[in-house]
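The values are calculated or read from the model by the stated rules, or taken from the named source; none is laboratory data. What you are looking at is a predicted structure, and each value in this text was computed from that prediction instead of being measured. When we count neighbours, we look across all protein chains shown, and the Cβ atoms used for this are built from the backbone with ideal geometry, even at glycine. Calculation scope for accessible area: heavy atoms of the full protein, side chains included, ligands and nucleic acids excluded. Shrake-Rupley method; radii C 1.70, N 1.55, O 1.52, S 1.80 Å.
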Amino acid sequence: MDRDFAEPLDVDALARDAGMSAGHLSRQFKRAYGESPYSYLMTRRIERAMALLRLGRMNVTDVCFEVGCSSLGTFSTRFTELVGVPPSLYRQQAAKATAGLPACVAKQITRPVRNREARVAARS
């Protein structure tokens, strides 16, 4: 999923490759990664979208389809949930905030934090 994030998610095919049922794969995946395969994939897609938006060469719609999302509405909603701002606003703000930084540094400091992780960190 990390490499082929733009491809459609096929849990049944992943399960076959792993030699288990789709339900068992999903449970084991969630146990290992703390989220469902779909949620994990969407996080990878949003991370890639963030990188493309920081470059400023593509509009939000093109980025949406480039990262494998088929619905701009779903992409925008999920992006806003993970990042905290809509993709169009992120594109404007991130270009300024990361100007002059190497891409690897920009990726680390802008990595999305899931809501449950943010709440746990806030309590610490």
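Quick notes on this one:
- Residue list for the stretch 19-36, restricted to those being open to solvent by less than 40 Å² (accessible area, probe 1.4 Å) and in contact with a Lys or Arg (Cβ under 8 Å, 6 or more places away or on another chain): E35
- Annotation: of all residues in the stretch 67-124 being basic (K, R) and at pLDDT below 65, the one that is most open to solvent (accessible area, probe 1.4 Å) is R123.
- Test: L52 is at pLDDT below 90, surrounded by 13 or more Cβ atoms within 10 Å (Cβ to Cβ) and out of contact with any Ser or Thr (no Cβ under 6 Å at 6 or more places or on another chain): no
- Restricting the search to helices (runs of 4 or more DSSP H) fully inside the stretch 11-95 and requiring at least 2 residues that are out of contact with any Leu (no Cβ under 7 Å at 6 or more places or on another chain), of a type in the set (S, T, N, Q) and free of Cβ contacts under 8 Å to residues at least 24 places away in the same chain gives 22-33, 72-83.
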